[in-house]
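The values are calculated or read from the model by the stated rules, or taken from the named source; none is laboratory data. The model shown is predicted, which means the values in this text are computed figures rather than measured ones. Here the Cβ positions follow ideal geometry from the backbone for every residue, glycine too, while neighbour counts run over all protein chains shown.
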Amino acid sequence: MILKNQLTQTRAGWLFVAPALALIGVFFVGPVVASLLLSFTDFDIYAIGDLGTARAVGLQNYSRILSDREFWTALRNTFTFVVVGGPLSVMVSLGAALLVNVRLARFKGAFRVIFFTPVVTTLVAVAIVWRYLYHPRYGLIDQGLARLGLAPVDWLGDPHWAMPAIILFSVWKNFGYNMLIFVAGLQNIPEELYEASKIDGAGAWARFRHVTVPALGPTFLFVGIITMIGQFQLFAEPYVMTQGGPVRSTVSIILLMYEQGFRWWRMGYAAAVAFILLLIVLAGTMLQLRLQRGEQR
Amino acid sequence: MKSVTEGGAAGFGFTGPRVPDRARAQVHGRFQRRLAPRGCFVLASLLAVVSCEPADREITTVRFWAMGREGEVVQELVRDFERENPEIKVEVQQIPWSAAHEKLLTAHVGHATPDVAQLGNTWIAEFEALRALEPLGPWVARSSTVTPEGFFPGIWATNVVDGEPYGVPWYVDTRLIFYRKDILASAGYQTVPDSWDEWLAAMRAIKRRVGPDRFAILLPLNEWTQPMILGLQAGSPLLRNGGTRGAFGGPEFRRAFAFYVDLYREGLAPPLSNTEVANLYQEFERGYFAMYITGPWNLGEFRRRLRPELQDAWGTAPLPGPTGAASGLSMAGGSSLVLFRDSKRKPAAWRLVEFLSRPDQQARFYHLCGDLPARQEAWRDTALAADEEMRAFQIQLGRVAPWPMVPEWEEIAIRLQDETERAVRGRTPPDSALGELDRSVDRMLEKRRWLLSRRPRVRPGAVGGRG
């Protein structure tokens, strides 16, 4: 009787999740498997015209990617963006969160809205504005530099400065989101901890180092992983602002994948790029989890 | 992601250097033209219905896709076509340039191609490779209106793949020099010289005159047309072995490339991409550059946007060549009309192609939107013949050459652009940039070599057309 009851319950459970499972199967698992298979073929524009011209090429796409200068350029650019832009973005977010959370601060709500505005504005629109800001002769930034007596920088035209310019823009665009998460984390820290440490004679820095940072641990993990995954998917900023240039100094892995897949219709190659990126992001996430766990022990 | 992609493509020309300028030019005058044709269209169809004698005559509906501005103005020509051919109704669908390529491709995959469409001639080889296009050889052979001799030969050639025509040129596009007469005159030149040596001397003279902050010529680094055109002028085939390997390391292209890269090295041209030039027309007014290589759509833009007092100070000139005027080739661009293989109304669609190719309709089309007629006869039109800036275009159109008609061309061209930029910015010596270019082009063409090697076995006797 009990057993039968359990069976019915199990069946009912499966029935309830079936629609969700079907959706995930059709719209997620299916395409992922299909693109994995695609990455072992040379499916391209000729194959769209005549499926018979698609060849199974095994791991050739992968080996070709690894010997392609373009890919290594894109990988290097993407890593620069992740390693420099990621921590910078998290630090700016934390700084902003601390600022808008200070008890003495006035108009907290207004500042939160202001800092969050870039996140909700259309990227293409603000990218155009930033392109004007970065303009070497008429841009506000270079005019400011000139006032300080510094030589103007051709931000988006100089291969050395284009990636820093993209990073700066991206940090400005995205820090508001993480700031909100940090604000939520900060508000969860009990006030008593600060009071107790104050009584024990801890200064502002010691309170930050030994109360705020440990208490924000889980928040850091979440923000870190989400930011890293987001940073690896760098696409729209270079696509709109530089189209990967100058001299391919801002081409990212996703931009390379987009070009190969939807511009040159080398679908097999593009699918292989996507899976390599998947492996990299997976490895990065595992590493962060491992580090965090080690720290907590 | 989707909206970002579309917005980006519309504004920044990911589909090639030609599109954004055109798109910008096409925004004007959209509104005033929108309403008028509709009303007339309804009236015309009413007339067509009324004048139609028996009701049992069957009406064929031809679906016609046209891009951007052309898609708007062609409605007016289509109205007359329907009046002449009451048994045919034409449904014009207007497609923005930025979405055109993807839309055509998805239509082909989904078996939803129109009967007839406007196609940029850079895309013809690609859509032929997809086996989407109807071979037009037999249609042209039977036609009394569409005769290859009537068109500019260099333009007709861009529609021919493996000996078979797949498109009929509709309007043409080429590149030549727009220049500031006053700046050239101040450096001692009445017009742009017609050989490379003198051209270079003129640019040096201008540079000496205008100083370090201004330049003799603007050659945006994110355009592949200029290095390609110079290569064609020097006699390079660009690709060799039937379009299966790169020929950029050959002596002809090397010569052109060295000439081109030196223009930046000497400071005659600024190493900029055109996204870095905030407002081209203002910069031309300010004399930031004295020459600029661009296409016919800028004639209207220069007339509209430059200050009135500068209107007499600019002109157009055919491109100089390595050994004088005759070698001053330019590229053969433009749009063609194509029929789709899947169409079930090809005869009616062909009638429309023939109608739009008539010299009188070509001249009318020019008056409607400023696109240059692909038919030489249409150039006898008085307005065209009398236009001073237009004369350079007519001369230039007699000296155009096609680039290799392979589906991979655009990808190759972008690689050319990247390697050119690398060399200009001093990242690699010009010769090793070209070596690298040939290597990557050979890699891109691997599939094509494989297809060609097996073609005789798969389709015996399929020389030229693949139908």
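Among the residues of region A:167-176, are any more than 15 Å from the chain's Cα centre (by Cα) and either at positive phi or assigned by TED's automatic domain parsing to the domain that holds A:D142 (or both)?
No: zero hits.
Can you name every residue in region B:307-328 that is farther than 18 Å from B:A185 by Cα, surrounded by 15 or more Cβ atoms within 10 Å (Cβ to Cβ) and small (G, A, S)?
Passing the criteria: B:G321, B:S327, B:G328.
Quick one: count up the residues across region B:154-208 that are under 19 Å from B:G287 (Cα atoms) and buried (at least 20 other Cβ atoms within 10 Å of the Cβ).
Within region B:154-208, residues that are under 19 Å from B:G287 (Cα atoms) and buried (at least 20 other Cβ atoms within 10 Å of the Cβ) number 14.
When you look at A:F79, is it without any contact (Cβ under 8 Å) to a residue 60 or more places away in the chain and either of a type in the set (V, I, T) or farther than 19 Å from A:Y258 by Cα (or both), yes or no?
no
Assuming A:Y138 fulfils every condition listed in (1) exposed (fewer than 15 other Cβ atoms within 10 Å of the Cβ); (2) modelled with pLDDT of 90 or more apart from one, which condition is it?
(2)
Within region B:275-298, does at least one residue satisfy the condition of being in the same structural domain as B:L221 (by TED's automatic domain parsing) and on the phi > 0 side of the Ramachandran plot?
If we filter region B:275-298 for residues that are in the same structural domain as B:L221 (by TED's automatic domain parsing), which is where we start, we get B:275-298.
If we keep only those that are on the phi > 0 side of the Ramachandran plot as well, we get B:287.
There is at least one residue in region B:275-298 that is in the same structural domain as B:L221 (by TED's automatic domain parsing) and on the phi > 0 side of the Ramachandran plot.
Filter region A:220-238 down to residues that are within 30 Å of B:V277 (Cβ to Cβ) and not in a helix (DSSP H, G or I) and give me whichever is nearest to the other protein chains (Cβ to nearest Cβ).
Filtering region A:220-238 for residues that are within 30 Å of B:V277 (Cβ to Cβ) and not in a helix (DSSP H, G or I), the one nearest to the other protein chains (Cβ to nearest Cβ) comes out as A:F235.
Could you tell me whether B:G315 is under 20 Å from the mean Cα position of the chain (by Cα) and in contact (Cβ under 8 Å) with a residue 40 or more places away in the chain?
no
Applying the selection to region A:40-72, what residues are assigned to a helix (DSSP H, G or I), more than 10 Å from chain B (Cβ to nearest Cβ) and polar (S, T, N, Q)?
Selection gives A:Q60, A:N61, A:S63.
Would you pick out the residues in region B:112-157 that are within 14 Å of chain A (Cβ to nearest Cβ), farther than 17 Å from B:K346 by Cα and not acidic (D, E)?
Within region B:112-157, B:T122, B:W123, B:I124, B:A125, B:F127, B:A129, B:L130 qualify.
Please list, ordered by residue number, the helices (runs of 4 or more DSSP H) wholly in region B:184-290 having 2 or more residues that are free of Cβ contacts under 8 Å to residues at least 24 places away in the same chain and either within 25 Å of B:T323 (Cα to Cα) or touching a Ser or Thr at 6+ places or on another chain (Cβ under 7 Å) (or both).
Helices (runs of 4 or more DSSP H) meeting the threshold: B:196-210, B:251-265.
Considering only helices (runs of 4 or more DSSP H) fully contained in region B:338-442, which possess at least 2 residues that are of a type in the set (D, E)?
Values: elements: B:346-357, B:359-369, B:382-386, B:388-397, B:409-424.
The qualifying helices (runs of 4 or more DSSP H) are B:388-397, B:409-424.
Got a number for residues in region A:239-297 being farther than 29 Å from A:A54 by Cα, within 14 Å of chain B (Cβ to nearest Cβ) and charged (D, E, K, R)?
Here the count works out to 1.
Within region A:117-165, can you find the residues that are closer than 22 Å to B:N279 by Cβ, hydroxyl-bearing (S, T, Y) and away from every other protein chain (no Cβ under 12 Å)?
Passing the criteria: none in range.
Please work out which residue is surrounded by the fewest Cβ atoms within 10 Å (Cβ to Cβ), limiting yourself to region B:395-432 and to residues that are touching a Phe, Trp or Tyr at 6+ places or on another chain (Cβ under 6 Å) and over 30 Å from B:R131 (Cα atoms).
Selected residue: B:P430.
Is it fair to say A:L145 is in the same structural domain as A:T250 (by TED's automatic domain parsing) and either touching an Asp or Glu at 6+ places or on another chain (Cβ under 6 Å) or farther than 30 Å from A:A283 by Cα (or both)?
yes
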